[in-house]
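Remarks on the structure that follows.
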Amino acid sequence: DIYSVQTFGFRGEAINALCELSESLIITTKANGQSTGTVLKFDQFGSLLSQSVIARANGTTVQVNNLFERLPVRRKDFVK
């Protein structure tokens with residue numbers, strides 16, 4: 001039932017693309033029923049740099065650092 005869906009969640013397929021377009025990517029997440037969350041840090045090539053445990057509320061946060069920094073033309077449009 002599409003009307004009762006509250007979230008589609010974060011699509012993992014986007015991780016590689018976001019890594020390529022940014023300096024780094026940090027994902028923090030905690031699922032219902034888990035006692036702790038997880039922090040995943042990726043470099044610009046999509047390689048996992050670190051994984052650690054964190055206290056946080058349920059849900060997922062994606063932090064993209066310096067988006068389009070390596071693509072000056074795209075960065076200029078993005079800043080506009």
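Let me have the 222 nm mean residue ellipticity of the chain computed from DSSP H runs of 4+ only, each contributing -39500 (n - 2.57), with the sum over all residues rounded to the nearest 500.
Working: 2 runs with 16 residues, N = 80.
Value at 222 nm, helices only: -5500 deg cm²/dmol.
What is the dipole size for the chain, taken about its Cα centre, with +1 at each Lys and Arg Cβ and -1 at each Asp and Glu Cβ, in debye to the nearest 20? Before the final figure, lay out the partial values.
Working: 9 positive and 7 negative charges, 44 e Å.
For the chain, the charge dipole is close to 220 debye.
At 0.692 mPa s and 37 °C, plugging the Kirkwood radius over alpha-carbon pairs of the chain into Stokes-Einstein gives what diffusion coefficient in µm²/s?
233
Which three extents, in angstrom, do the Cα atoms of the stretch 37-80 have along their principal axes, listed largest first?
38, 22, 9
Would you mind telling me the share, in percent, of accessible area of the chain contributed by carbon and sulfur at probe 1.4 angstrom? Provide the component values of the computation, followed by the final result.
Details: 3220 of 6010 Å².
Carbon-and-sulfur percentage of accessible area, whole number: 54.
Can you give the accessible area per residue of the chain, in Å², using a 1.4 Å probe? Spell out each step's value before the answer.
Working: 6010 Å² over 80 residues.
Dividing the accessible area of the chain by its residue count gives 75 Å².
The values are calculated or read from the model by the stated rules, or taken from the named source; none is laboratory data. Everything numeric in this text was worked out from a predicted model, so none of it was measured. Don't worry about glycine lacking a Cβ; one is built from the backbone with ideal geometry, like all the others, and counts go over all protein chains shown. For accessibility, only protein heavy atoms count, side chains too; no ligands or nucleic acids. Shrake-Rupley method; radii C 1.70, N 1.55, O 1.52, S 1.80 Å.
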